[in-house]
Amino acid sequence: MTVSRPLSYQLFIAQRYLRSRRGPRIISLVTAIAVGGVVVGVAALIIVLAVMNGFEQEVKTRITGTNAHVILLKHANEPIEADESLMGKIRETPHVVAAAPFILGKAMVLTGDETEGLIIRGVDLSVERNVTEILASAKPDGWEALLTSGETPGILLGKEIALRLGVMAGDRVTVASFENARLGAMGITPRLRKYHVAGTFESGMYEFDSALGLTTLEAARDLFDLKAGVTGVAIRLDDMNAAPEIGSRLAERLGSPPYRANDWIELNRNLFSWMATEKMVMFIILALIILVAAFNIASTLIMRVMEKTREIGILKSMGAARRSIMGIFVVEGMTIGVIGTAVGLVIGLGVSILLDRYYPLQLPGDVYFIETLPVRVEALDVVRVTLAALAVSLAATLYPSWHASRLDPVEAIRYE
């Protein structure tokens with residue numbers, strides 16, 4: 001006897017049991033509930049993981065679009081002489097795509113009765129576009145000419161802080177800096193500079209849009225009274241995930257100390273750790289839905305064994321082995337699991353696609369860093385959910401099928 005024969009009759013009997021309309025309706029209802037439980041669990045896992053993947057990917061994209069992949073600094077934040085020699089060495093480093101010097105400092109912006117804290121970033125307009133994407137979102141058209149022309153220096157303000165201040169392109173603001181402030185007869189006197197608003201930008205991250213202002217390197221150097229040098233050099237790579245390794249290699253090449261390198265992963269490590277933990281916890285919580293469905297599968301098979309006791313006894317009296325009897329109910333339970341998993345995958349993937357294309361999720365930017373949330377399905381998550389659902393379904397079949405295989409054929413058909 002070949003291996004395919006016993007398997008074929010086990011499949012045949014299992015399918016007959018599932019399609020049978022002669023048994024009690026309660027068994028059919030419990031079977032439908034078991035399938036539905038697997039469907040709900042799998043679909044919920046796919047959708048939630050896709051939403052969390054979209055959140056994580058969007059946060060990473062916004063962070064790396066607004067900040068550089070690697071930032072070269074000096075210990076104690078001393079100014080860096082970003083001459084051609086240094087910039088050439090940086091650009092010649094493998095995997096470095098572009099580099100741009102910048103000046104960064106804290107200030108206050110004043111207009112009328114409104115006062116807001118502000119982070120001023122001075123940038124080199126000729127190369128900044130190659131490193132970050134923040135200038136690409138600046139408005140209105142012609143902001144670059146406004147930024148670099150006029151008697152007073154220009155400034156680009158984040159959309160949110162511009163709304164709070166009630167200013168728009170063409171308005172004038174006063175910026176005060178206490179860095180390198182002078183001590184006079186009246187105490188510490190901040191450096192005050194007049195700026196005209198050249199426009200606004202919208203990075204998509206509330207953290208930046210509500211507290212960042214961009215100006216030219218020359219204007220920032222004058223505001224913070226830097227005689228020479230810059231705060232650091234922003235660097236973009238061809239592989240942002242390799243930022244820690246390349247940043248460390250670059251600092252060693254240039255000399256560490258005095259140089260040191262920060263990267264976007266290290267600067268946001270706590271955020272990414274939180275997102276990874278949250279994703280794992282959500283997977284475990286939603287997997288409990290599949291676990292409940294597994295109990296429904298087990299109860300369905302137990303009731304099926306009780307219903308088919310006579311048939312089991314007849315099969316065993318005809319020479320069916322325990323393994324064959326066990327296989328019938330394993331196949332029946334796994335069929336429920338496979339159908340539920342397949343339908344759940346279709347529903348989960350379909351809802352994820354609809355959410356991503358036609359119903360984008362809106363988030364409060366001041367709470368979740370970003371304002372719109374894409375949905376992103378990852379193949380690895382689909383595989384994990386599928387394997388988890390099938391494994392739980394298989395585990396649910398073991399006890400009922402084992403119990404069926406242990407039935408005594410004489411006792412099973414004695415009163416039939």
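Only the coordinates and a few stated rules stand behind these numbers; no lab work does. Bear in mind the structure is a predicted one, so any value in this text is a computation, not a measurement. Cβ placement follows ideal geometry from the backbone for every residue including glycine, while neighbour counts extend to all protein chains displayed.
Structural remarks
- Between LEU267 and ASP225, full extension at 0.36 nm per residue minus the direct alpha carbon distance yields a gain of 12.4 nm.
- Taking every DSSP beta bridge that has both ends in the chain, the antiparallel portion is near 80%.
- Highest GNM mean-square fluctuation among ALA136, ALA396, ALA76, for the chain modelled with Cα contacts below 10 Å: ALA76.
- Across MET326, MET52, MET306, mean-square fluctuation computed from a Gaussian network of the chain (C-alpha pairs under 10 Å connected) peaks at MET306.
- Normalised contact order of the chain, rounded percent, pairs of Cα under 8 Å and 6 or more residues apart: 29
- Comparing mean-square fluctuations of LEU135, LEU398, LEU214 from a GNM of the chain with C-alpha springs under 10 Å, the top value falls on LEU398.
- Legend: translational diffusion of segment 81-230 by Stokes-Einstein, Rh = Kirkwood radius over C-alpha pairs, 25 °C, 0.890 mPa s; D = 153 µm²/s.
- Ranking GLY313, LEU156, LEU72 by Cα position along the charge dipole of the chain, where only Lys, Arg, Asp and Glu carry charges on their C-beta atoms, puts GLY313 farthest toward the positive end.
- Once the Cα-Cα distance is subtracted from the 0.36 nm per residue extended length, the MET282 to LEU192 segment shows a gain of 27.4 nm.
- Ratio of Rg to Rh for the chain: 1.24 [Cα atoms; Kirkwood radius as inverse mean 1/r over pairs].
- With 0.36 nm allotted per residue and the present C-alpha distance subtracted, the ALA136-LYS106 stretch has 8.5 nm of extension available.
- Rounded to the nearest 5, the antiparallel percentage of DSSP beta bridges internal to segment 81-230 is 70%.
- Given charges at beta-carbon only (K, R positive; D, E negative), |dipole| of the chain in Debye: 2540
- In the chain, a dipole from Cβ-located charges (positive for Lys and Arg, negative for Asp and Glu) runs towards its positive end, and of VAL40, ALA138, THR277 it is VAL40 whose Cα lies farthest in that direction.
- Residues TRP274, TRP402, TRP143, TRP264, sorted so that the one with the fewest Cβ neighbours within 10 Å comes first: TRP274, TRP402, TRP143, TRP264
- Placing a label point 7 Å from the Cα of MET168 along the Cα-to-Cβ direction, the residues of segment 115-153 whose backbone N falls under 14 Å of that point are 139-141.
- For segment 187-263 versus segment 52-112, the gap between their alpha-carbon centres in whole angstrom: 5
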